[in-house]
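These notes concern the structure reproduced below.
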Amino acid sequence: MTNIRIGFCFDRASVVKAFAPLILQALKRKIKIFLLCGPDARNSWPNNPKYQPLKKNIYLPYNIKKKVNFLYFKNNQRLEKLIIKNKISHFFTLHFEPRKFGKTLPNLRKNNIKICCLQWTGDFTNVSPRALAQVDWFFVYSSWIAKLYCKIHPACLKNKLRKKIIPCGNPILDSVYDLARPEEIRQKYRLPQNKKIVLLLTLDPFYPWAKWVFTAQSKIQLFLNFRLHRDPKLIIKYCRDTSYKQILQALRNWCEKNNALLIGKSRSRHREPLFLKEICHKVILEDKDWYPIMSTELMSIADLLVNFNSAGIWEAAFFKVYGLTIDVLDTPGRSHLLPFRRDPKMYQFKGVGRWIDYKKFPGFLERHSLSDFKVDKNQQKKYIKRYLEFEKPQASRIIINHLIKMS
């Protein structure tokens, strides 16, 4: 028994992907759990209601909803009061920027409440040392990642903020212990048992170049999108450029030649082009059964991963799935991606993955067969050490042990 009481900040239902392993581990230690849902959960995510952080949308395994407490808050002031009123000792969040919480985090720390943050995406390096100073511990995937953060933000070393950054592995991968057998996963997604699977993590066309150029339905549509553009040379350049549709069609043809299925994995909030479903053998939308994560389930049965600069490459390496990354980093509108995403070894790692410019990808496929892409066991170990720290997932146990030790 411990006096630790943990509150997890749910600003959307899908964060259960990151928190579920921790919640399970904490409950094993008889730790009281609170899910702090908001702000204004019922009116959030109007275009994607299933993302609303409501009890009905948050899936937890083993019917443990009865073992956790759901609390709802309207704003940061209400969140602060809920945490103090319920005597929560540790507050977990995936984001801790001042613009999100205002003075809430400093106020909680004044009340001796520990602020904990989990690394969630590859672009965490934009978090400033000023924001890091507001938390007690920042749990990241590996020692190399911790060193990278300090390299980008040298102030961490001067202000001794480095001690706040704790490598622990990726909590998401702890879900591997709850995965069903491969044949059951195939049955769940209605996939044949005897076919090779090429898993495509689709591109989210959230920025102008991707939306209006790369994913255009046709060259005519692309031209119409830019018919008022004043630079005709740019229009011609875009029309001649390799498109998303051409890449997917080349990939589909290649899968047919290699007796494999092209399975697209998307999210309901992605604005996918109409041709995606036409080209892929099957497109699977991420649904509200957030745990175990759909991408983790599909990765566990895949034979090859194709992605667009996605951090899903880590999961692929863990499951011994070779990763082909189609590089779109140097396209218009992607300059916001920070050095972490631009680490060449993340995507181009001998025996683990290849990094191919999107314009060259169709030609690259023509020169290879599916059997060319096999993960080298020794290289995989090096990759996992660099990005995930441990070969065997144990992040949630490490984090909970740390909380108990420091309490």
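The values are calculated or read from the model by the stated rules, or taken from the named source; none is laboratory data. This structure is a prediction, so every number in the text was calculated from the model and none was measured. Cβ placement follows ideal geometry from the backbone for every residue including glycine, while neighbour counts extend to all protein chains displayed.
Give the residue that is surrounded by the fewest Cβ atoms within 10 Å (Cβ to Cβ), with candidates limited to residues of region 373-407 that are assigned to a helix (DSSP H, G or I) and charged (D, E, K, R). Ranking the candidates gives K405 first.
Criterion first (closer than 24 Å to A20 by Cα, of a type outside the set (G, A, S) and either modelled with pLDDT under 85 or in the same structural domain as R99 (by TED's automatic domain parsing) (or both)) does D204 satisfy it? It is false that D204 is closer than 24 Å to A20 by Cα, of a type outside the set (G, A, S) and either modelled with pLDDT under 85 or in the same structural domain as R99 (by TED's automatic domain parsing) (or both).
Identify all residues within region 246-269 that are modelled with pLDDT under 90 and of a type outside the set (S, T, Y); write none if there are none. Within region 246-269, R267, R269 meet the criteria. Those strands (runs of 3 or more DSSP E) of region 68-179 in which 2 or more residues are touching a Ser or Thr at 6+ places or on another chain (Cβ under 8 Å) and under 23 Å from N3 (Cα atoms) occupy 114-118. Only one entry in C168, C150 is among the hydrophobic types (A, V, I, L, M, F, W, C) and without any contact (Cβ under 8 Å) to a residue 60 or more places away in the chain, namely C150.
Residue-by-condition table, conditions (1) over 25 Å from G102 (Cβ atoms); (2) in contact (Cβ under 8 Å) with a residue 60 or more places away in the chain:
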| position | (1), (2) |
| --- | --- |
| R12 | no, no |
| K32 | yes, no |
| L36 | no, no |
| D40 | no, no |
| N57 | yes, yes |
| Y62 | yes, no |
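Output the residue which, of all residues in region 291-325 that are part of a loop (DSSP other than H, G, I, E, B) and within 15 Å of W355 (Cβ to Cβ), is modelled with the highest pLDDT. Here the answer is Y322. Among the residues of region 327-344, is there at least one that is modelled with pLDDT of 90 or more, more than 23 Å from F390 (Cβ to Cβ) and not basic (K, R)? No, because not a single residue in region 327-344 is modelled with pLDDT of 90 or more, more than 23 Å from F390 (Cβ to Cβ) and not basic (K, R). Hey, does region 127-144 have a residue that's more than 20 Å from N159 (Cα to Cα), modelled with pLDDT of 95 or more and not small (G, A, S)? No; the residues of region 127-144 include none that is more than 20 Å from N159 (Cα to Cα), modelled with pLDDT of 95 or more and not small (G, A, S). Considering only residues that are out of contact with any Phe, Trp or Tyr (no Cβ under 7 Å at 6 or more places or on another chain) and polar (S, T, N, Q), look in region 122-148 and name the one that is nearest to M346 (Cα to Cα). Among them, the one singled out is S143. Annotation: N63 fulfils all but one of (1) in a helix (DSSP H, G or I); (2) within 27 Å of P106 (Cα to Cα); the unmet one is (2). Just one residue in the set K382, K374 is farther than 26 Å from C168 by Cβ and at pLDDT 95 or above; that residue is K374.
Here I4 meets each of (1) over 21 Å from N76 (Cβ atoms); (2) at pLDDT below 95 with one exception, condition (2). For region 124-157, give me each residue that is among the polar types (S, T, N, Q), farther than 12 Å from E97 by Cβ and surrounded by fewer than 20 Cβ atoms within 10 Å (Cβ to Cβ). Answer for region 124-157, where residues must be among the polar types (S, T, N, Q), farther than 12 Å from E97 by Cβ and surrounded by fewer than 20 Cβ atoms within 10 Å (Cβ to Cβ): T125, S143.
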